[in-house]
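Undergrad: Sharing a structure here in structure tokens format.
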Amino acid sequence: MSRRDEGQVAWMRDDADDRVLDEEQWRLEAQAVIKDVGKHVRDLGVSERLVSTKRGIYLNLTTLEDLRFCVELSAAGFAVVGNRHDDASNAGNERFETPYSLLDFVSPQYRNSFGNSLLDKLKELNDRR
């Protein structure tokens, strides 16, 4: 199981809301997410202004539509907590289990980018035959 898969499995456990990681572990979780979905967004990075805690970390997201959000990554999943970077004033919003479901919700162009990426991979596999 990859490090990214371990993190996603942890979010689905019954004790997910009580999961505590140190700041470095949350940073590693965030980096795995950034690497995984980075080519389907304009920009995604760890907030340098909002302080990470043992319960989560904040990410600044710019979608392909140039919409800006602040996203909280915690054991409970992903939540948009602000409508601009470094803004966590909208806590309590809907939670998403994966970064894919969050992006699917906030970015129609993400769906196109992800779908085109899958088609490219299938074409590449077919061309190898």
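Undergrad: Straight distance only, please: which lysines reach the Cα of residue 121 with their own Cα at less than 30 Å, same-chain residues fewer than 8 apart left out?
TA: The qualifying lysines are 35, 39.
Undergrad: Hey, got the dipole for the chain? About the Cα centre, +1 on K and R Cβ, -1 on D and E Cβ, debye to the nearest 20?
TA: Numbers: 19 positive and 24 negative charges, 97 e Å.
Dipole of the chain, to the nearest 20 debye: 460 debye.
Undergrad: Residue by residue, what Karplus-based ³J(HN,Hα) values in Hz, rounded to whole numbers, does segment 89-101 have, using 6.51, -1.76 and 1.60 with θ = phi - 60° and x for Gly and Pro?
TA: 7, 10, 4, x, 6, 3, 9, 10, 5, 10, x, 5, 5
Undergrad: Moving on. Just from its helices, what would the mean residue ellipticity at 222 nm be for the chain, if runs of 4 or more DSSP H residues each count -39500 (n - 2.57) and the sum is divided by every residue, rounded to the nearest 500 deg cm²/dmol?
TA: For the chain, the value works out to -13500 deg cm²/dmol.
Undergrad: Read phi for every residue in segment 30-46 and hand back ³J(HN,Hα) as whole Hz from Karplus 6.51 cos²θ - 1.76 cosθ + 1.60, θ = phi - 60°, with x for Gly and Pro.
TA: Listing the rounded values in order: 4, 4, 5, 5, 4, 5, 5, 10, x, 7, 10, 9, 6, 7, 8, x, 6 Hz.
Undergrad: Using r as the Cβ-Cβ distance of residue 95 and residue 116, and R0 as 25 Å, what FRET efficiency do you calculate, to the nearest 0.05? Provide the component values of the computation, followed by the final result.
TA: Numbers: r = 28 Å, r/R0 = 1.11.
Between residue 95 and residue 116 the formula returns 0.35.
Undergrad: How much net charge surrounds residue 41 when only the other residues with a Cβ under 14 Å from the Cβ of residue 41 are counted, with Lys and Arg +1 and Asp and Glu -1?
TA: That sum, taken over residues with Cβ under 14 Å, equals 0.
Undergrad: According to a simple spin-label model (label point 7 Å from Cα along Cα-to-Cβ), what is the distance in nm between residue 123 and residue 43?
TA: For the pair residue 43/residue 123, the computed spacing is 3.0 nm.
Coordinate-derived values only; no laboratory data. Computed from a predicted model, the values in this text were never measured in an experiment. Cβ sites come from the backbone with ideal geometry, for glycine too, and all protein chains shown count toward neighbours.
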